[in-house]
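Computed from the coordinates by the stated procedures, all read-outs in this text should not be read as laboratory data. Fair warning: this is a prediction, and the values are worked out from it, not measured in the lab. Here the Cβ positions follow ideal geometry from the backbone for every residue, glycine too, while neighbour counts run over all protein chains shown.
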Amino acid sequence: MGIFDELVTGLSKEITKVQSRSQEMVKGYSLNSQIRTLERRKSGILTELGRMVFDKYERKLEITDENFKSRTEEIADIDDEIADLQDELEALQLANDPTASASQKSQAKAGYHPTSGFTCPKCEAPANEDKPFCPSCGCALTEGKEKRHHHDDELCDEEH
C-alpha cells in the first residue's frame, strides 16, 4: 500500500497547489475589477469638474472654490486607493513570478515599495526614500535624493 499512499499524497499536494493558484487568480481579477471601478469613478468626477469650470466661466454660475476643492480631494483619495490596489496586485503577481528573487518576494510580501527614480547611492538598487536602509545592501539611505557624505559610506562599508 506504500505506492497508493504516495500517489494520494502527491495528488493531494497538487490539488492544494491548484486551489491556491485559482484563489490567487480570483483575487487578481477582483483587484483589477476594483481598480477599473475606481478609474471609472475618477473619470466621472473629472468630467463633472470640467462641467463645473464651464458653468462657472461660460455660463457665469456661482461655483465656489470649495466645490472644486472637495471634488479634487475625492480624486486624490481615489488615486491613493488605486495605488494601494495596484501595489497589492503587483505583490500578488510577484509572488507567482518564478524569475523573481527571494528578496523581491519578501519585500512585496512586507509591503515594501520603492520610490520611483530613487536608488541606493551605494548599490543603486531601487529604494524607498522614506526608509532608513537599503533593502538590498542594508546601507543607510539619506533623506530625499541628497548624496550621502563620505563618512556614511565608510560606516556602511564597516558594517558589511
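According to the square roots a ≥ b ≥ c of the eigenvalues of the Cα gyration tensor, what is the shape class of region 17-58, taking rounded for a/c under 1.5, prolate for a/b larger than b/c otherwise, and oblate for the remainder? Present the calculation step by step, with values, prior to reporting the outcome.
Details: a/c = 11.00, a/b = 10.84, b/c = 1.01.
Cα axes put region 17-58 in the prolate bin.
For LEU94 and LYS60, what does the FRET efficiency come to when R0 = 45 Å and r is the distance between their Cβ atoms, rounded to the nearest 0.05?
On the way: r = 53 Å, r/R0 = 1.17.
Efficiency computed from Cβ-Cβ geometry: 0.30.
When you have a sec, figure out the Kirkwood radius of region 12-97 from all distinct Cα pair distances and drop it here in Å to one decimal?
Its Kirkwood hydrodynamic radius stands at 15.5 Å.
Taking 0.36 nm per residue of separation and subtracting the Cα-Cα distance, full extension of the segment from SER116 to ARG51 would add 20.1 nm. Look at where the Cα atoms of region 1-58 and of region 60-74 average out, and the two centres are 33 Å apart.
Could you sort 36-42, 82-88 so that the peptide with the highest average Cβ count within 10 Å comes first and the rest follow in order? Don't skip to the end; give the middle numbers.
Values: 36-42: 14.0, 82-88: 15.6.
Result, highest mean Cβ count within 10 Å first: 82-88, 36-42.
Extension gain, ASN67 to ASN128: 0.36 nm times the residue separation minus the Cα-Cα distance gives 18.5 nm.
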